[in-house]
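Participant: Starting off with a structure, shown below.
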Amino acid sequence: MADAKVIPFDDDRSRSGGTSRPARRRTGPGGPGGGRGDGSAAPVSALPGAQVPEQPVEAEQVVQEPRGDAVDAEGSAGGGWERRIAGGLAFLRRRVTGDYDVDEFGYDKELTDQVLMSALRPLADKYFRVEVKGIENIPSDGGALIVANHSGTLPLDGLMLQVAVHDNHPAERHLRLLAADLVFHLPVVNELARKAGHTLACAEDAQRLLETGEIVGVMPEGFKGIGKPFGERYKLQRFGRGGFVSTALRAGAPIVPCSIVGAEEIYPMIGNAKTLARLLGFPYFPITPTFPWLGPLGALPLPTKWTIQFGEPIPTDGYPPEAAEDPMLMFNLTDQVREQIQHTLYKLLVQRRSVFF
């Protein structure tokens, strides 16, 4: 008869394979192990003189307590949706009851942040894929005047500039654009422009905004820039009489030149129906390769690749108060800003690989 093999009590291995075998849950009195009737493990009595081991955690407790990462994942997802819904309902309640703040110019910061910016952001990030350079040239606090070129047949460049400043500046600063009279004569557009922080392009409003520490944006070319033919793209038009320089001098705010590449090609203007423009009261009526030939579809802008670059700021706080009335100084500063924008435009055009990429 062969010798019997001795198997220690603390050996977890199976007699047949030597691999670990999962522990089986104990059953009631009729099953093996003589467990309790409720299906839980029966208490084990210690042998005399043996050390009592720590009570193991029961299987039911392990099952009832999910892992920490699962709790976090479910909680964050559920909590995120709940917070969004609660925030949306609170926003609607404030709009209905009128419990929101508007400044003296009609600017509604809450509506701009939660609605208008959210609507424009996909256009800037996904459609035009705006690349921003030199954002550090915009001060973190205090007033500043951003002077940019204007183009594109429709003033989408001003809106994209507003999104670029807010979303890329570390302080998430808001750009207050100076708009033409026509903007505030159009229904619906008038209200939205006021809510978004735009105001009339006049020296008094601009100076008040700068003195209260706001970032103000101006496009001195006006309709001459936005309505120029496609053959004159990226050639800056006249900057007026330098009124923006006088405003910056009075407020002691720095002037930040800004160059925008990509807006010129969204609506290539190959013609101007002047008679129709006079009848409608518009400064021009554009004719493009797609408009009005394709109807409403022709109003869709081409998905060009944009670059917005902010140049070195030009300080104005070192000039005496009477400098704002000096025509030669205003002419020189205006020419300096214009030349810096034009030079940057040429540089960006040389670096650009394609209109669309």
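Participant: As an exercise: evaluate Ala171 against (1) part of a loop (DSSP other than H, G, I, E, B); (2) in contact with a His (Cβ under 9 Å, 6 or more places away or on another chain); (3) free of Cβ contacts under 8 Å to residues at least 60 places away in the same chain; (4) not basic (Lys, Arg) and give the number of the one condition it does not meet.
Facilitator: All conditions pass for Ala171, except number (2).
Participant: Could I ask something else about it? Condition test on Ala253, is it at pLDDT 95 or above, in contact with a His (Cβ under 9 Å, 6 or more places away or on another chain) and over 23 Å from Asp113 (Cα atoms)?
Facilitator: When the stated conditions are applied, Ala253 does not pass them.
Participant: Among (1) surrounded by fewer than 19 Cβ atoms within 10 Å (Cβ to Cβ); (2) part of a helix (DSSP H, G or I), which single condition is Gly142 missing?
Facilitator: (2)
Participant: Pull up the stretch 257-284, narrow it to residues that are within 25 Å of Tyr127 (Cα to Cα) and part of a loop (DSSP other than H, G, I, E, B), then point me to the one that is most open to solvent (accessible area, probe 1.4 Å).
Facilitator: Ile270
Participant: Another question about this same structure. Which of the residues spanning the stretch 255-284 are of a type in the set (A, V, I, L, M, F, W, C) and under 30 Å from His343 (Cα atoms)?
Facilitator: Selection gives Ile255, Val256, Cys258, Ile260, Val261, Ala263, Ile266, Met269, Ile270.
Matching residues to (1) among the hydrophobic types (A, V, I, L, M, F, W, C); (2) at pLDDT below 95:
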| residue | (1), (2) |
| --- | --- |
| Gly243 | no, yes |
| Ala248 | yes, no |
| Ile260 | yes, no |
| Pro301 | no, no |
| Thr304 | no, no |
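Participant: Would you point out which residue out of Val165, Val183 is open to solvent by less than 60 Å² (accessible area, probe 1.4 Å), in a helix (DSSP H, G or I) and within 25 Å of Arg250 (Cα to Cα)?
Facilitator: Testing whether each residue is open to solvent by less than 60 Å² (accessible area, probe 1.4 Å), in a helix (DSSP H, G or I) and within 25 Å of Arg250 (Cα to Cα) leaves just Val165.
Participant: So, in the stretch 103-119, of the ones that are outside any helix (DSSP H, G or I) and without any contact (Cβ under 8 Å) to a residue 24 or more places away in the chain, which residue ends up farthest from the chain's Cα centre (by Cα)?
Facilitator: Taking the candidates together, the pick is Glu104.
Participant: Still on this model: Return only the number of the condition from (1) closer than 24 Å to Val165 by Cα; (2) part of a loop (DSSP other than H, G, I, E, B) that Gly240 does not satisfy.
Facilitator: (1)
Participant: Still on this structure, I have one more. Out of the stretch 85-133, which residues are among the β-branched types (Val, Ile, Thr) and modelled with pLDDT of 90 or more?
Facilitator: At the first step, the residues of the stretch 85-133 found to be among the β-branched types (Val, Ile, Thr) are 85, 96-97, 102, 112, 115, 130, 132.
Scanning the stretch 85-133 gives Val102, Thr112, Val115, Val130, Val132.
Participant: Being buried (at least 21 other Cβ atoms within 10 Å of the Cβ), under 25 Å from Trp306 (Cβ atoms) and touching a residue at least 60 places away in the same chain (Cβ under 8 Å): is that true of Arg129 here?
Facilitator: Answer is no for this residue.
Participant: Being surrounded by 18 or more Cβ atoms within 10 Å (Cβ to Cβ) and in a loop (DSSP other than H, G, I, E, B) is the filter here, so list the residues in the stretch 292-308 that pass it.
Facilitator: Pro301, Thr304, Trp306
Participant: In the stretch 202-226, what count of residues is obtained for those that are farther than 23 Å from His169 by Cα, out of contact with any Ser or Thr (no Cβ under 7 Å at 6 or more places or on another chain) and either open to solvent by less than 50 Å² (accessible area, probe 1.4 Å) or assigned to a loop (DSSP other than H, G, I, E, B) (or both)?
Facilitator: 4
Participant: Check the stretch 346-357 and report whether any residue there is small (Gly, Ala, Ser) and more than 28 Å from the chain's Cα centre (by Cα).
Facilitator: No, every residue in the stretch 346-357 fails to be small (Gly, Ala, Ser) and more than 28 Å from the chain's Cα centre (by Cα).
Participant: If you don't mind, another one. If you check Leu186 against the conditions, is it touching a Leu at 6+ places or on another chain (Cβ under 7 Å) and either aromatic (Phe, Trp, Tyr) or within 20 Å of Tyr284 (Cβ to Cβ) (or both)? Spell out the reasoning first.
Facilitator: On the way: touching a Leu at 6+ places or on another chain (Cβ under 7 Å): no; either aromatic (Phe, Trp, Tyr) or within 20 Å of Tyr284 (Cβ to Cβ) (or both): yes.
Criteria not met by Leu186.
Participant: Of all residues being over 19 Å from Leu156 (Cα atoms) and without any contact (Cβ under 8 Å) to a residue 40 or more places away in the chain in the stretch 176-224, which is nearest to the chain's Cα centre (by Cα)? Just the residue, please.
Facilitator: Here is the first cut: in the stretch 176-224, the ones over 19 Å from Leu156 (Cα atoms) are 202-214.
Still in the running and without any contact (Cβ under 8 Å) to a residue 40 or more places away in the chain: 202, 204, 208.
Values: Cys202: 28, Glu204: 30, Arg208: 27 Å.
Residue satisfying both the conditions and the ranking: Arg208.
Participant: I'd like the full set of residues that are of a type in the set (Lys, Arg), in a helix (DSSP H, G or I) and either open to solvent by 70 Å² or more (accessible area, probe 1.4 Å) or without any contact (Cβ under 8 Å) to a residue 60 or more places away in the chain (or both), limited to the stretch 309-357. Explain how you work it out, then say what you get.
Facilitator: Here is the first cut: in the stretch 309-357, the residues of a type in the set (Lys, Arg) are 338, 347, 352-353.
Going one step further and asking which of them are in a helix (DSSP H, G or I), we end up with 338, 347.
Lys347, the sole residue that qualifies.
Participant: Still on this structure, I have one more. Which of the numbered conditions does Arg250 fail, given that it passes all the others? Conditions: (1) open to solvent by 30 Å² or more (accessible area, probe 1.4 Å); (2) part of a loop (DSSP other than H, G, I, E, B).
Facilitator: Of the numbered conditions (1) open to solvent by 30 Å² or more (accessible area, probe 1.4 Å); (2) part of a loop (DSSP other than H, G, I, E, B), the odd one out for Arg250 is (2).
The values are calculated or read from the model by the stated rules, or taken from the named source; none is laboratory data. Note that the structure is a prediction, hence the values are computed from the model and not measured. Because the Cβ atoms are built from the backbone with ideal geometry, glycine has one as well, and the counts that use them run over all protein chains shown. When the accessible area is computed, the model is the full protein with side chains, heavy atoms only, and any ligands, DNA or RNA have been set aside. Shrake-Rupley method; radii C 1.70, N 1.55, O 1.52, S 1.80 Å.
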